[in-house]
Each structure stands twice: as structure tokens, then as C-alpha cells.
Amino acid sequence: MSFRLRIFLLVLVVTGTAIGATAWLTLSLTRHELTRAEQARDRHQADIVAAVQTFGLLNGRWNGIDSVTAVQAEKTGLHIRIVTRESDEVLADSDTIDGRAAGPVQLLPADIDAKPVLDQETVFAAHQRGTVLARRNPDATPQAEAFRKTGLQGRFPVRSRPDLPAGLFDVTPTGDDPAYRALLQLTQYRAALASVRCMADKSTVAPSLILSRSPYLDSERRAAQPGCVQSTVERILSDDSWLDEVWYEIAGCDQAYEAYGECLDSGFSRAAVTTSAIPVRVFFGARQDTELAPLQRPALFGAAGLLLVAAIGTAWIARRVSRPVRLLTGASLQLAAGRLDVRVPTRGEDELARLSGAFNAMAEALQRSEERQRRLVADVAHELRTPLSNLRGYLEGLADGVIEPTPELFASLHEETLLQRRILEDLQVLAQAEAGELGYDPVPLDLSELAATTATAHRAVAAAAGIDVVVDAPAPVEVYADPDRIRQVLGNLMSNAIRYTDAGGRVELRVTRDGPDAVLTVRDTGVGMNAEEVSRVFDRFWRADLSRQRATGGSGLGLTIARRIIADQGGSLDAESTAGVGTTFTARLPMITRPPGQPFQ
């Protein structure tokens, strides 16, 4: 398994574990919070509803309900949201008040109608009146049942509305007429709300009631701001339209008989709508600031396990990656310091192992290059030292008169200088080739024709050595190459073949096709080479004659240059040899393909 795949699988496992653990923790926390919210709601719902209802009753509107919501949410730990019953307008949300995003709430709200209710004395008086009316009328029971099914409003005529006293808050709802008592109570409630709002506008008094039952406005406030109380009472008592509307809702219950109490309560509730706060709904939910403390123990264990797996996986990845990288860094520093024999261990077959192998290959190549460079310097020094020593000896002998100058001596010295010049020229050509600066002028070239021409040029030398030259190139084979450079390669191969072949031997030039390649083969029946010599035949200054005598001629650079020339033109040059049998050099070049029937140019 590759390192990349292992990393992918490990990350996949960690990611999947993290996602699964997160989902499990989320579900666990959500279930826990839902359970806690339900339990908290069961314990505190009555208190919260009572607090909200009391606020609505004492204020007659919902301005400032935020403070009650915040207090109840802090006390109970619940998320509380209050909305209007008709339009679902949010009046207060404890999460929003605390500066958090509003979280979810349960779907079962508590309905709150913050309206005043009939005092107990009036309710008792209403039931007594209903009982009396029922006794007087034999058809009371069917009439009461009809009322309970269809209601009374609009079915019976309403008697005249009684007048209310100017000292509205000094009157206690008493008497035998429950309808009058209900009218008085509603009027007191409306006047009390209007009075405290008037007082709030003129002072710092809170715009809310203190008493939750009749007369609603306490004596202390009435004494503190009598002007507000008087003006408010006068305004409300002169509002005949509102008073008639209220009276219409609560009067006429006499004909409900034994359902008189129910009729009065229903009418009172409908009439209170015009004065009290609008109905609302209270939703409950879990708060969004849950900490780890209430989490279940398995959730904590799951989180710890996830962190442990992530830590182990990360540590394994870090160690698996950092150790090879650390070794590569140290080896690179040693390599830069000149230790070319440094290597790094390779384990496995993953990407890091291949990187280590690539580094080792690079170090090996650098070491071989350094060794070749040292050998090249030594070879160049050796190749130049001997002829220069000879020239120096002869020149010193001539200067001292020890050696007598003769035409033969000067011819020999001239030949030595020509050899040194040839070595230097070959070195220059090789340096240009290895630097990519050797110029080429490629053209379409018939390799068969070039082989025949080269063979003709070397036949005289071969005949003098008693060697037969044979050309096997029956058909044109066209390549795209520099003819002078290819001729240089062929000349070097032919010269070597003739030089290392004894009299009576044979040198064969052959041109064939092999798929997309043109194949040029130079085979001789000379002394041949063993496997080690074949592996070094293209090295600089290497020659098969171990004595390194120049009796055979050559600088030892020809085959190195020939191989570079063939490689630069997209081909290859290889050697095969058997000691005592002969040597074969094979050059391959890309062949030019032409449509069938097109003549060779």
C-alpha cells in the first residue's frame, strides 16, 4: 500500500470518526437538552405563565416584557419566546435578549390572556341571581342549555345602562346587580391603567398597576397625582360609546336563567378585550449556551476517544513523514559538504521510499561524475605528458648538440605536435557536445549511400592491411541528420575496425530497417573485447591496448564523441564484442517515412 493511500485512509478514518462523533454528540446533547427543557418546563411553566400574565394584567400592554422574560429565563434556564396570538409577532426572546442567536423552541405553547377577571363576590352574586331566576321560570333549563350552545349576545334586548359615580375608585362593587358590578370593575380597570400612564408621563412612576383586583389603583398613587386620576375618570365616564359597548356585552343575562353566571363571565371577558393587553403565546426551549458540564458521561468519553485517535494518527503521520525527510535533509547537507558517498536507507515502496531512492541515485550519479572528472583530468594529463616530455627531450638534446638534427627527426617531432593538436581538438569537440553547443546541419540523408562512400574511402587502407571491406546496403534508407557528423562517426568506427583486425580479416558495413529506425552496423573479425572492456569502450581516453601506446593511433576520444553525435540526433550507439571473435557497433537513427510511391530526393 502506497504512503499516499495510507495517508488518505487515515485521514478518511479520522474524518469519518470526527463526523460520526460530532453527530453522536450533537444528537446526545440535543436529546439531553430536550429532556432537560421538558422537565424544566413542567416545573416552571406555571410560574412563567403567571409572571407573564401578571405583567400583562398590571400593564395592559406588553411594553417592557423583555425584563420579565430575561429574569424568568435566568431563573429557570429555559429559552423563552413570547409572540402575539393573532400575527405571531415576536415580542420577546430570551436568547436574543442575551445576545445569542435565537434557538429552536417546542411546538406546544402556553396561551395567555392577560385580562381582568370578575372578582369572587361578583361571581358568587351572579350564580345566586341565576338560581333565583331559574326558580321563577319553569322553562329555565332549556333556555340555559340553548344559551350554552349558541350564546346570548344579540338575542335579547339590553336594559338601560346605569350611571357610574364620579368617585369611581371610592366605590366597591357591591349590590344585587352583578352586571352593574361587572361594568364598574371594567371601568375601574381602564381608568386605573390610564391614570398610571398619565402619572408616568409627569413623573418617574412606573406605568403599571400595583393592585391586580378592584379598584386596581391604590390610595397612595391616587393621593400622589389627584389631577391625573380626576381627568382620567372624567374622560372615561364621558366615553358613552365604550360604556355602551361594554354594557351590551354583559347585560341581558337575566334570560339565561341558571346559566346567568356563565353568561356574565363570557360577556365580561369579551368586553375586557377593548382594555386589556392582546393575547399572547409563550414558547419554551433549551438555551443555546449549554456547556460541557451537563453532557452525559458517554459523550465525554466519545470526545476523549476522538481526540486520542486524532492525536495518535497525527503523531504517526508526523513521524512517518518527518523521519525520512530528516534523513534526507542531513544527507543533503553532507552531500553539499563534499561527502559524495553518503546514502539514505530506503524502506518500502511508497512515495518517500522512491524519494530516498531518487536521492541515492542522484548521489551515485554525482559520485560517478566526480570520479569521471578526476579520471578525465588524469587521462588528459597522461595523454599530454608523454609527447610533451619527448618533445622537451629532443629539443634539449638539439640545443645541447647531443642530437644531430635530421629531416627524419623533425618529421617525428612534427607528428607529435599534430597528435597533441588532434587530442586538443577532440577534447574541444567533446566539451561542445556535452554542453549542447556542437553545431548540426541536419538534412534528409540516404544512409546506404553514405555507408558505400565511407567504405570506398577506407578500402585502400584496409587493402594495405590485408583486410576485406564489405557493404550490405541493398535499398535506400533515409534519415534526417547532419551528413558531416554521421560521416565522422562512420569514419571513426571504420578506422577502429581496421586497426583492431588482423590481416585476412573482414569489416562489414550494413544498413537495414527495424520498425521506425534505420540501423547502421559496423562488424569486424578483429581481436574483440571482454565484457568489462565493452562496458568501458565509450569512456574518455580508454583504449583496448592496455599499454596505452600510440602505435595504433587515436586519442581515445573518438567513440565518446561518436556516441554523443548519434544521441544528439535522436539515436543510440551500442557495442557488442566477443574476445577473439570480433566487435559489432550498432547505430540507430529515426527513419524518415514517406508516402508510398514518392521518390527519394
Completion exercise
Amide H proximity to Gln106 below 5 Å, modelled H, separation 5+ or other chain, gives Phe284, Gly285
Handout entry: Extension gain, Lys75 back to Asp218 (0.36 nm per residue minus Cα-Cα distance, nm)
Key = 48.5 nm
Completion exercise
Note, region 345-361: 3J(HN,Hα) by Karplus (6.51, -1.76, 1.60, θ = phi - 60°), whole Hz, Gly/Pro = x, goes x, 10, 10, x, 10, 7, 5, 5, 5, 5, 5, 4, x, 5, 5, 4, 5
Completion exercise
Phi-derived 3J(HN,Hα) across region 474-489 with the Karplus relation (6.51, -1.76, 1.60, θ = phi - 60°), rounded Hz, x for Gly and Pro, is x, 9, x, 10, 9, 10, 10, 7, 7, x, 5, 5, 5, 5, 4, 5
Fill in the blank from the handout: Going fewest to most other Cβ atoms within 10 Å around each Cβ, Phe268, Phe55 line up as Phe55, Phe268
Problem - Separation in nanometres of the label points that stand 7 Å from Cα toward Cβ, at Arg343 and Val402 - result: 5.2 nm
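Could you please rank Arg31, Arg281, placing first whichever residue has the fewest other Cβ atoms within 10 Å of its Cβ?
Details: Arg31 11, Arg281 16.
Fewest-to-most Cβ neighbours within 10 Å comes out as Arg31, Arg281.
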Problem - Contour minus Cα-Cα distance for Arg323 and Ile97 (0.36 nm per residue) - result: 75.9 nm
Problem - Phi-based couplings in Hz for region 179-190 (Karplus 6.51, -1.76, 1.60; Gly and Pro marked x) - result: 5, 5, 4, 5, 4, 4, 5, 5, 5, 4, 5, 5
Exercise for the section: Quickly work out the Ser160-to-Asp66 label distance, labels modelled 7 Å from Cα along the C-beta direction, and quote it in nm with one decimal. Expected result: 5.2 nm
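Taking other Cβ within 10 Å of each residue's Cβ, how do Arg100, Arg499 sort, fewest first? Show your work: numbers first, answer last.
Numbers: Arg100 14, Arg499 18.
Lowest count first: Arg100, Arg499.
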Practice task
Set the Förster distance to 25 Å, then compute FRET efficiency between Thr314 and Thr22 from the Cβ-Cβ distance, nearest 0.05.
Solution key: 0.90
Problem - Amide hydrogen neighbours beyond the local backbone of Val507, cut-off 5 Å, H modeled - result: Asp468, Val469, Val470
Fill in the blank from the handout: Rounded to one decimal in nm, the spacing of the 7 Å Cα→Cβ label points at Thr512 and Ser572 is 1.6 nm
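How much length is gained if the chain between Thr84 and Arg136 is pulled fully straight, taking 0.36 nm per residue apart and subtracting their Cα-Cα distance, in nm to one decimal?
Working: separation 52, 0.36 × 52 = 18.72 nm, distance 4.51 nm.
Using 0.36 nm per residue and subtracting the Cα-Cα distance, I get 14.2 nm.
Computed from the coordinates by the stated procedures, all read-outs in this text should not be read as laboratory data. Bear in mind the structure is a predicted one, so any value in this text is a computation, not a measurement. So basically every Cβ, Gly included, is an ideal-geometry build from the backbone, and we count neighbours across all protein chains shown.
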